[in-house]
Structures are given as structure tokens and as C-alpha cells.
Amino acid sequence: MQNYDELRECVIAGKKAQVAELVRKHLDEGKTAKDVMDNGLIPGMAIVGKKFQEGEFFIPEMLMAARSLNAGLEVLRPLLEASDVKPVAKVLMGTVKGDIHDIGKNLVAVMLRGGGFEVIDAGVDVPPDKFVELARENGADLIGLSALLTTTMPSMKDTIDAFQSQGYRENVKIMIGGAPITQEYADEIGADGFARNASYAVELAKKLLGVAA
Amino acid sequence: MTNFSKMAYQSADDLMFGRAKVPVTCGYGLEVGTGMVLPEVNFTLPTMKVEHEQLPAILRQYDDMVSSILQRLVTLGMPGAMIEFEHAPQMTEELEIGTAITAKIRTLMQSFYEKHGLRTALRVTVCDIREKSRPPQMRSGEATEKMFEAFRLSAANGAHLLSIESTGGKEVSDRALMEADVQGLLLALGILAPRDSRFLWQKIVAIANEHKIIPAGDTACAFANTAMILADQRYIPNVLAAVVRAMSAVRTLVGNEVGAVGPTKDCGYEGPVIKAITGCPVSLEGKSAACAHFSHMGNIAMATCDLWSNESVQNVKLLSGHAPEVFTEILTYDCRLMNEALQAGQERALQNLFVSSDAYKSVHALVISPQASFEIAEAILSHQSDFDRTRAAGLQACQIIRDASATGKLPLPDRESAWLDQIEEVLQENADEGKVLEDGSAQFGELFLPKEYGL
């Protein structure tokens, strides 16, 4: 197996330019794009995720690593598209109608991207119908709903009901999160899962979609 | 316009709970900062929709909450309290809802004043809904107009004081925090946020003056409390959040420069810095606001408070009653203790305990101690421009943390210490406001609209 140690280390250290350069070097040496991604870039990012979980890394360090990962993926993208390699899954994220708090949602998006998901950000104060429309348009596999206020929690139920009434509920999994949210509330409104924090959201997303951790 | 150039107090020792150099009298004869700490009670709806169809049910909730709060104050013999009505976004957007709640609360307060002589005042905190659009329109657009209309209607329908948790610069600060980008934070807190505060508070002060009510104050919650919560979840370094706390005081101070007179908003832990500079009374929260959020400042926040708040609690039933009245009782006992100390001349001893029990357990607590707040305030006043003041406040916070760590009193992990070095270095390197704006515009340009900040 090709030695990707240096590439992995550069991903972990967030060395964007070096990652792109090393990816090109591996391709020049005849490695496939999928091999470089699966055995170099993604394992490097997985170590970053582990370091974050264990309290060794903060988000800024994780973001730097994610950027270096993206720099490598940019080099690989034309080759991956040609060979039809797809992201883990597509997630549509948004803060529900009436609520304008979004730092939690943004954090979850960062984590999911770091975990190999493609994230579509619907923004804040998103009406239920807009969620359904964007999910259809983008072929989202998972919907992430965020709310910070007790007075906007009911919008989560409205959004899930909209997926139901528009006949699209079976096409997506829905996870919810935010300061006042509980597992009981998720069960009550028919969500598929509750993410107690941004880190757990990635684990939950993988679990809901049956993606290997 | 007041250009604060001198400290309101001679030394940190002069900063004391219950006493403010420039007290505020408001509402039904409520005096804040004249030698007594009073509760500030805040409350919110249980899980329910805020929409027109629900208005009768919403008003019933507020009737129940406020009546029970006022009754508990009377029962416990508390002579007065600040009542805060903080808008959820829909209460600012749907003007009729926010206005109806304001009028309902005010009627209840008047009735308790007439019947029991209970001295209260109503602080209405309008929601800053301008950040709804991305990039946000801070000076134009429907949301901005609606927000100012909500201030006008609040003033006309019962508010005694006006406040806001303003968000100018948050669109940049949020990302800069997640990236630990100190140059970005200088752009957000040293350039954008003060410009927005000046614009915003000139208008709020004008509305308050027109209605002969109090333009109270702001809070850097959107910046510094966001940072504190992110740090608590181990997403960003604690030292970064503590430095942001100090830096954020400048944008809050701008509100006072253009006419806000206090009491500052409860969740603004930069309040002691504002008090040190302006002498205005401050509202703070700590252990009795654990119902709303975690903090490291449970006791130390009491050291300089004039109002003592619970931040917010849902109207849910507990064993002894509904949560708002329960928290009114908790706040009342906290205030009784402080007031007893003031009466007995024991306030210094109590303040020292508030400080020593928290200060060296966390950098978040350390930077809001009376001494640290005083030093940060002095650093701010040693400069003229908002940008230079913001940078100086950040550097002073770095020094305070470094000194506390050097004495061995404050345990600072190596990882945090390394981040402190980096933060200080970037603050030192970025003395040129023009360059920070230029670099920041290149990096964060898609997040903010310069013209919405008068740039």
C-alpha cells in the first residue's frame, strides 16, 4: 500500500498548499484519485475528528484541517467526477421559521463537512415549505433543523409535517437540535433523531443514514 | 454625546455592588444604584407558537407570570424590582404581539404599585431582527424599520426603559470566532460593532427621550457570550473567549457615549467595565441565571451588580410554584444578603468572597473581577478611537490572564497558554485600522455590507 503518512500529517496540521502539492505528487506517481482520497485525505481528517472528540483540537484547528482536505479534494475533483465517486450523503441544514440563531447550525455544518458530507445551508428563518423545496431540488438525504427558542420549537414540527403532507417524508431522515431541544421533543414531533451537540450530529447523521462510522 | 475620557471611579476598590456613581430612577419610583441591589426578573413562554391566533393564550401566560412574580416580591417584602420583557423575534416582527404584552405587563405593575406600593420598572428589550437577512441590512430594509417601530410602540405602550442585544458585526464575529481569527475579531468588534452601536443607540435614545423614558443599555451577548459558550463546549480556546469579553466592552460603551444611561443589560458581563468608566448602574447575572445558561461567574458577577438577574426562565411548573416566581424568590434572597452586607458595613468582606470564590477558577471569571474590569477600562480610556480601544482592551485581558497564570493562582493548560501567545501576537501586529478593514473586507467581504455600517 502506498505510504500516505506525510499527506495525512499535512491534513492534520492544516497545511493547505502542501496537501495540494502532495496529492499531485501521488497522482503523478500513478495512484488513483480514489486511493489518494480513501487512504490519504479521509484518514487524515478522521484523525482530526478523533483529536477534536478527545479535546486535543479546537474548531479552528479542525477548520484548518478541513480546508487542507478541500485543497486536496479540489485537485482530485475532476478525476473523482469522471469516476463517479460521490460524497457520503447530502445534508440540508437550516434554522427553522421564526428563529435567527445560526451559530449552532453553522457548527454542525462544519462538523458534517469534515465528516465527508455535502452540506446545503438553507440559512435562518426558513419556512417549512422552503425546506421541502430545497430538499427536492438538491436530493438531500438528511435534513438538519435547528432552533434556539422555546417559541420557535413548534416550527420544527411544522417543518416535519410539511415533509409529510407533501409526500416527501419517506425520502429523507430528519434530525433536530438546539439548546431547548430534547430527545422527548424529537420523539413527540416525529423527528428521526436528536443531536445533543455539534460533535454528536456527525455520529447521528451516519447512524441515521446507515453510513459506516 | 459624552466622550468618556476619565474613569468614574478612583480605583477598583470603589466598584461595589448596589452603588453607582450615576444612579438611575425609573418606572414606579425604582432607584437603581443608590445603595441597594434589586432583582431583575426575566421570563419566557413555555414551548408554544407566537402568532396572532395565540395572542389571548400568550397574554394569559404573561398575566400569570408577572402576577406571580409581583406577588412573590410583595410576600417577601422586597421593596422593588426591575421586570424585563425580552422580545422573542416574532414579538418584534409582529408589532401587535409585542405591544400587547408590554401593555399587559405595565398594567399589572401599576396595579401592584397602587395596591402594595411595590416599586418596579419595565425594561423592554426589543429583538435585533436585522440579522435575519444575509448579509444583514443594518441600516435599511423592512426589518430595520420594524425594529425601530417596535421601540416606538414599546415606549408608547408602557416601557420604562429600552434595551437591546445588538448584533452589528456578529456576522463577521461568528465566523472569526470559529476560526479563532483575531484580525477578523478586530474588524467585527473594533470597527463594525461600534459603528453599528453608534447608529442604533442614537435612534433608541431619541425615541426614549421623545417618550421621556430611559435609554438603558446594551449587552455584548451576541459576541462574548457566544464565545464563552463555544469555549465551554471546547470548540474554541477559553482564553480567546475571555479576550473577546474585554474587547466587546468598547462597542457597548458606544451606546453610553451617545446617551444610554444604564442599567446595562443583564447578560453583558462587560458591565463592570462600563460602570468603571461611566458610573452607570449595571445589571448582571450569575448563579441564579443557571436556569438559562451555564457560566463560570456565578458569584463574581455579584461583586459589582446593581440589579441581579436570572436572565430568562420558562414558565414551567416546579414543586413550589412556576419557575418565574421561584427565580424571583432566589434573586430576592441573593439581594437580601448583599443589602444586609451594605447595611452592616460588611460589603467589602462579602465582595471579596464573591471574587475569591470564582476569580482563579476560570479565565472567564478572572476578566470580570472588579480589578480586571478596572484595568480593562483604564486601557480603553488610554486611547481615542473605537478600534484602538478594542485592541487595547484585548491586550490588557491577555496581560491580566498572563499575570494570573504567572502567580500560579490561575491554572492555564499549555494548550491555552500557546493560544494566548498567538492571540496577543496578532493583536500586537494589527495596530493599523485601515489595514484590518482592508484585509477583513477581502476575507469576510461576502458576510457584511460596508454601506450598512456607513463605510
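The values are calculated or read from the model by the stated rules, or taken from the named source; none is laboratory data. Since the structure is predicted, the reported quantities are computational estimates derived from the model, not experimental observations. Every residue, glycine among them, receives a Cβ derived from its backbone with ideal geometry; neighbour counts consider all protein chains shown.
Looking for something buried (at least 21 other Cβ atoms within 10 Å of the Cβ), aliphatic (A, V, I, L, M) and in contact (Cβ under 8 Å) with a residue 12 or more places away in the chain - is there at least one such residue anywhere in the stretch A:161-171?
No; the residues of the stretch A:161-171 include none that is buried (at least 21 other Cβ atoms within 10 Å of the Cβ), aliphatic (A, V, I, L, M) and in contact (Cβ under 8 Å) with a residue 12 or more places away in the chain.
Please enumerate the residues belonging to the stretch B:33-58 that are touching a strand residue (DSSP E or B) at 6+ places or on another chain (Cβ under 8 Å) and more than 14 Å from chain A (Cβ to nearest Cβ).
B:G33, B:T34, B:G35, B:V37, B:L38, B:P39, B:E40, B:V41
Scan (1) within 15 Å of the chain's Cα centre (by Cα); (2) among the aliphatic types (A, V, I, L, M); (3) outside any loop (DSSP other than H, G, I, E, B) for the single condition A:L80 breaks and write down its number.
All conditions are met except number (1).
Given the options A:L7, A:L92, A:L69, name the one that is surrounded by 15 or more Cβ atoms within 10 Å (Cβ to Cβ), among the aliphatic types (A, V, I, L, M) and at pLDDT below 90.
A:L69
Which residues, counting only those in the stretch B:1-49, are among the charged types (D, E, K, R) and modelled with pLDDT of 95 or more?
Of everything in the stretch B:1-49, those that are among the charged types (D, E, K, R) and modelled with pLDDT of 95 or more turn out to be B:K6, B:D13, B:D14, B:R19, B:K21, B:E31, B:E40.
Name every residue in the stretch A:155-213 that is acidic (D, E) and over 24 Å from B:V313 (Cβ atoms), in order of residue number.
Within the stretch A:155-213, A:D158, A:D161, A:E170, A:D187, A:D192, A:E203 qualify.
Could you give every pair whose Cβ atoms fall below 6 Å, whose first residue belongs to the stretch B:340-358 and is without any contact (Cβ under 8 Å) to a residue 24 or more places away in the chain, and whose second residue is of a type in the set (D, E) and assigned to a helix (DSSP H, G or I), counting only separations of at least 6 or pairs across chains?
From residues that are without any contact (Cβ under 8 Å) to a residue 24 or more places away in the chain, the pairs are B:A341/B:E347.
Residue check: is B:L185 in contact with a Leu (Cβ under 9 Å, 6 or more places away or on another chain) and among the hydrophobic types (A, V, I, L, M, F, W, C)?
yes
Name the residue, out of A:E203, A:E188, that is out of contact with any strand residue (DSSP E or B) (no Cβ under 7 Å at 6 or more places or on another chain), acidic (D, E) and under 28 Å from A:R67 (Cβ atoms).
A:E203
Take B:M36 and decide whether it is over 16 Å from B:G279 (Cβ atoms) and either touching a Cys at 6+ places or on another chain (Cβ under 8 Å) or not in a helix (DSSP H, G or I) (or both).
The answer is yes for B:M36.
Which one is surrounded by the fewest Cβ atoms within 10 Å (Cβ to Cβ), of the residues in the stretch A:34-48 that are of a type in the set (A, V, I, L, M) and within 19 Å of the chain's Cα centre (by Cα)?
A:I47
Any idea which residue in the stretch B:77-103 is surrounded by the most Cβ atoms within 10 Å (Cβ to Cβ), counting only those that are over 23 Å from the mean Cα position of the chain (by Cα), within 24 Å of B:V24 (Cα to Cα) and in contact (Cβ under 8 Å) with a residue 40 or more places away in the chain?
Among residues in the stretch B:77-103 that are over 23 Å from the mean Cα position of the chain (by Cα), within 24 Å of B:V24 (Cα to Cα) and in contact (Cβ under 8 Å) with a residue 40 or more places away in the chain, the one surrounded by the most Cβ atoms within 10 Å (Cβ to Cβ) is B:M78.
Out of everything in the stretch B:317-335 that is touching a residue at least 40 places away in the same chain (Cβ under 8 Å) and over 23 Å from the mean Cα position of the chain (by Cα), what residue ends up being surrounded by the fewest Cβ atoms within 10 Å (Cβ to Cβ)?
So the residue we want is B:G321.
Within the stretch A:200-213, track down each residue that is surrounded by fewer than 18 Cβ atoms within 10 Å (Cβ to Cβ) and in contact with a helix residue (DSSP H, G or I) (Cβ under 6 Å, 6 or more places away or on another chain).
Residue satisfying the conditions is A:A213 alone.
Any residue that is within 14 Å of chain B (Cβ to nearest Cβ), free of Cβ contacts under 8 Å to residues at least 60 places away in the same chain, part of a helix (DSSP H, G or I) and buried (at least 20 other Cβ atoms within 10 Å of the Cβ) - is there at least one of those in the stretch A:115-124?
no
Mind listing whichever residues of the stretch B:97-122 are small (G, A, S) and part of a helix (DSSP H, G or I)?
Hits for the stretch B:97-122 are B:G98, B:A100, B:A103, B:S111.
Output yes when any residue across the stretch A:29-37 is more than 18 Å from A:E118 (Cα to Cα) and in contact (Cβ under 8 Å) with a residue 60 or more places away in the chain, and no when none is.
No, because not a single residue in the stretch A:29-37 is more than 18 Å from A:E118 (Cα to Cα) and in contact (Cβ under 8 Å) with a residue 60 or more places away in the chain.
Can you pull out the helices (runs of 4 or more DSSP H) entirely within the stretch A:138-213 that have at least 1 residues that are over 15 Å from the mean Cα position of the chain (by Cα) and within 14 Å of another protein chain (Cβ to nearest Cβ)?
So the answer is A:153-165, A:183-189.
How many of the residues making up the stretch B:177-203 are closer than 18 Å to B:N3 by Cα and not charged (D, E, K, R)?
Residues meeting the conditions: 9.
Conditions: (1) among the basic types (K, R); (2) surrounded by fewer than 22 Cβ atoms within 10 Å (Cβ to Cβ); (3) within 12 Å of chain A (Cβ to nearest Cβ). B:R139 meets all but one. Number of the miss?
Condition (3) is where B:R139 drops out.
Condition first: within 11 Å of the chain's Cα centre (by Cα) and within 14 Å of another protein chain (Cβ to nearest Cβ). Now tell me which residues in the stretch B:204-233 satisfy that.
Of everything in the stretch B:204-233, those that are within 11 Å of the chain's Cα centre (by Cα) and within 14 Å of another protein chain (Cβ to nearest Cβ) turn out to be B:C221, B:A222, B:F223, B:A224, B:N225.
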